[in-house]
Amino acid sequence: MNFLRASTFTSFSASSRLRQKLPRTFATISGVCEPLPRESAEIVIVGGGAIGCAVAFSLARAGKTNVLVLEKEPSLSSVTSAQAAGLVGQVRTNADRVKLAMWSVATFNELQKNEEVNPNWRQVGSLRLAETEERVEEFKLMESVCKEAGLEMGIISVSEAKRKWPGMKFENAKAILWCPTDGYLQPYDLSMTYKHHARQKGVQFYTDCSVQSIELSPIKQVQSITTNRGIIKCETIINAAGAHAYHIAKLVGLELPIIPVRHQYFISESLGKDAIQPTMPVLRIPDRTLYVRADVNSILCGGWEPTAMSLDPRSYDLSGRPPGIQEDWPVLSNFANLLAEGFYPQVNQVGVRRVFNGWPTFTPDGKFILGRTKKVGGFIMAGGCNAHGVSGSAGIGRHVVESLLNKNPSDYVKSLSPDRFEDGTWQWDAAQNKARGVYETYYDLSSDSLKSQNILSSDGKAQGREQRTVQQYSKVM
Ligand SMILES: Cc1cc2nc3c(=O)[nH]c(=O)nc-3n(C[C@H](O)[C@H](O)[C@H](O)COP(=O)(O)OP(=O)(O)OC[C@H]3O[C@@H](n4cnc5c(N)ncnc54)[C@H](O)[C@@H]3O)c2cc1C
């Protein structure tokens with residue numbers, strides 16, 4: 001692949017917007033801006049990415065509409081969610097996770113029916129290729145888990161796969177798993193669709209509004225939230241602040257291991273409309289840690305790096321940002337070579353149109369951090385998405401609502417509670433290594449449940465894997 005011809009793209013470049021000349025009283029880091037028109041709300045959601053918008057949508061559907069979403073950037077869904085590839089996969093090795101993903105897909109199907117505002121959801125199906133006998137065994141495990149959850153999928157032949165994606169060499173696959181209800185969507189459009197429906201029911205969204213502190217009563221109950229645009233009295237705060245979810249939790253005294261890990265993919269230059277059509281299924285080649293989908297006559301290709309770069313969230317503060325990311329061409333060209341060798345040589349005959357990257361957050365046990373904490377009344381988590389924050393958003397929104405409104409939530413929702421990270425039971429170094437290991441072993445043969453059993457044991461190091469920190473990262477740029 002011709003990476004020298006690649007275009008450049010820097011993430012975290014907040015879109016500019018002309019500010020209105022209105023009375024301004026509250027100082028911000030970048031200047032001043034207008035006070036919020038509201039002084040109270042029942043529920044405040046911090047963060048207007050895919051998760052914050054999905055939670056707002058789910059609350060509105062559940063009849064909770066006295067809700068504000070506060071986003072510090074000038075536009076919603078402009079940070080991690082804007083970078084996502086939009087892949088929506090339901091095949092997992094844990095039935096609860098399959099069901100959560102199935103709920104998301106059911107929601108996307110419903111939202112797509114609206115012709116004017118929709119997430120551009122394409123239910124094209126997905127193909128997962130096994131190159132080893134061990135992977136074939138894993139596919140069998142996945143089949144039984146998906147059957148238990150009620151998800152349709154199964155093994156198909158090479159010729160069937162070829163009909164779905166002509167030009168791809170499937171002959172090297174020992175087994176091909178087909179899930180007809182998977183697909184992909186446009187993450188920004190998804191957030192805007194959630195917002196559209198939530199606003200219709202009365203939820204309000206404010207951008208350029210950064211949360212700075214949270215006030216608790218003497219019995220540790222949420223009372224109000226302070227922003228650069230004023231104070232809002234509220235009973236409940238939902239933390240959907242992505243790579244800042246650690247900092248928002250810290251405002252109420254919770255120490256949570258929410259670890260940003262760098263992720264990236266590229267979109268190739270055009271391969272021609274005869275070669276690539278938007279109806280082609282999403283492709284996953286776990287033995288090469290790769291995922292692929294069609295994108296306007298081009299290939300979108302990303303992967304999970306065996307030695308990932310992670311951040312300690314304490315290295316930047318609430319008003320700051322994680323470091324900007326430059327394209328890592330050696331890693332990206334390795335993705336292209338892995339795809340070209342034996343599967344799709346055409347990818348190396350064109351250049352790169354664009355690179356996307358960001359800092360999705362991971363947790364030491366690979367599970368979301370979601371729901372209530374016993375330590376602070378009215379404080380709810382919706383973070384640590386382990387790179388499922390777009391595909392899982394509707395399911396996560398549903399579970400947040402369950403945690404908030406249901407006095408006895410399901411065992412699965414309880415298992416995601418932030419309280420599993422009790423003070424004194426874990427250390428930062430180990431937690432960061434574990435979370436990075438979840439990223440690095442994303443497509444490894446171990447099941448989600450096996451991974452989670454390793455939670456915070458011993459020194460937390462991902463076996464046999466070299467630690468790569470942001471300091472080393474700056475050297476390889
Ligand atoms: C390259 C890449 C590809 C990916 N591909 C996929 C994919 O195919 N499928 C998938 O499901 N996931 C994918 N992901 C992961 C996905 O992007 C994340 O899981 C998801 O975007 C997380 O959403 P979020 O709302 O939690 O975070 P964000 O989108 O980062 O939103 C958090 C928001 O909180 C705001 N905020 C922070 N602090 C404050 C404050 N003090 N006050 C007010 N607002 C605040 C931020 O400005 C931000 O807008 C990918 C990620 C990357 C980087």
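The values are calculated or read from the model by the stated rules, or taken from the named source; none is laboratory data. On a predicted model such as this, the values are computed, not experimentally measured, just so you know. Every residue, glycine among them, receives a Cβ derived from its backbone with ideal geometry; neighbour counts consider all protein chains shown.
Report yes if some residue within segment 308-322 is of a type in the set (Asp, Glu), away from the ligand (no atom under 12 Å from the Cβ) and assigned to a helix (DSSP H, G or I); otherwise report no. No: zero hits. When residue 226 is tested against the conditions (1) more than 10 Å from the ligand (Cβ to nearest atom); (2) touching a residue at least 40 places away in the same chain (Cβ under 8 Å); (3) surrounded by fewer than 19 Cβ atoms within 10 Å (Cβ to Cβ); (4) of a type outside the set (A, V, I, L, M, F, W, C), the lone failure is (2).
Conditions tested, residue by residue: (1) under 23 Å from the mean Cα position of the chain (by Cα); (2) more than 16 Å from the ligand (Cβ to nearest atom).
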{"site": "343", "(1), (2)": "no, yes"}
{"site": "352", "(1), (2)": "no, no"}
{"site": "359", "(1), (2)": "yes, no"}
{"site": "362", "(1), (2)": "yes, no"}
{"site": "366", "(1), (2)": "yes, no"}
{"site": "386", "(1), (2)": "yes, no"}
{"site": "390", "(1), (2)": "yes, no"}
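The set of residues in segment 294-310 being at pLDDT below 95 and of a type in the set (Ser, Thr, Tyr) consists of 307 alone. The residue that is nearest to the chain's Cα centre (by Cα), counting only those in segment 282-302 that are outside any strand (DSSP E or B) and over 15 Å from residue 338 (Cβ atoms), is 296. Among the residues of segment 430-440, are any touching a residue at least 60 places away in the same chain (Cβ under 8 Å), under 21 Å from the mean Cα position of the chain (by Cα) and closer than 23 Å to residue 146 by Cα? The answer is yes; a qualifying residue exists. Within segment 141-160, the set of residues being touching a residue at least 24 places away in the same chain (Cβ under 8 Å) and in a helix (DSSP H, G or I) comprises 141, 142, 143, 145, 146, 148, 149. Only one of the listed residues (238, 231) is touching a helix residue (DSSP H, G or I) at 6+ places or on another chain (Cβ under 6 Å), in a strand (DSSP E or B) and among the aliphatic types (A, V, I, L, M). That residue is 238. Filtering segment 398-415 to residues that are among the charged types (D, E, K, R), under 12 Å from residue 62 (Cβ atoms) and out of contact with any Pro (no Cβ under 9 Å at 6 or more places or on another chain) leaves only 398. For segment 205-219, does any single residue satisfy the condition of being in a helix (DSSP H, G or I), of a type outside the set (Asp, Glu), farther than 30 Å from residue 336 by Cα and away from the ligand (no atom under 16 Å from the Cβ)? No. Of all the numbered requirements in (1) basic (Lys, Arg); (2) surrounded by 21 or more Cβ atoms within 10 Å (Cβ to Cβ); (3) within 14 Å of the ligand (Cβ to nearest atom), residue 372 misses one, and that requirement is (3).
Condition check: more than 30 Å from residue 274 (Cβ to Cβ) and among the charged types (D, E, K, R). Does residue 208 satisfy that? Judged against the criteria, residue 208 is a match.
Out of 285, 232, 258, one residue alone is within 30 Å of residue 380 (Cβ to Cβ) and surrounded by 24 or more Cβ atoms within 10 Å (Cβ to Cβ). It is 258. Among residues that are modelled with pLDDT under 95 and under 26 Å from residue 391 (Cα atoms), residue 2 is not included.
Kindly check whether there is at least one residue in segment 147-170 that is of a type in the set (Lys, Arg) and within 21 Å of residue 95 (Cα to Cα). Taking every residue of segment 147-170 in turn, at least one turns out to be of a type in the set (Lys, Arg) and within 21 Å of residue 95 (Cα to Cα). Please indicate, with yes or no, whether at least one residue in segment 328-335 is within 13 Å of the ligand (Cβ to nearest atom), over 17 Å from the mean Cα position of the chain (by Cα), aromatic (Phe, Trp, Tyr) and more than 30 Å from residue 417 (Cα to Cα). Looking for residues that are within 13 Å of the ligand (Cβ to nearest atom), over 17 Å from the mean Cα position of the chain (by Cα), aromatic (Phe, Trp, Tyr) and more than 30 Å from residue 417 (Cα to Cα), one finds at least one in segment 328-335, hence yes. In segment 375-387, the residue that is surrounded by the most Cβ atoms within 10 Å (Cβ to Cβ) out of those that are of a type outside the set (Gly, Ala, Ser) and within 19 Å of residue 253 (Cβ to Cβ) is 381. Scanning segment 129-150 for residues that are out of contact with any Leu (no Cβ under 9 Å at 6 or more places or on another chain), under 17 Å from residue 182 (Cα atoms) and not basic (Lys, Arg) turns up 146, 149, 150. When every residue of segment 186-196 is checked against the conditions, at least one turns out to be within 29 Å of residue 33 (Cβ to Cβ), among the basic types (Lys, Arg) and within 16 Å of the ligand (Cβ to nearest atom). Residue 73 - would you say it is among the charged types (D, E, K, R), without any contact (Cβ under 8 Å) to a residue 60 or more places away in the chain and over 21 Å from residue 369 (Cβ atoms)? So residue 73 fails the test.
So how many residues does segment 180-190 have that are surrounded by 24 or more Cβ atoms within 10 Å (Cβ to Cβ) and more than 11 Å from residue 86 (Cβ to Cβ)? Adding up the residues that qualify gives 1.
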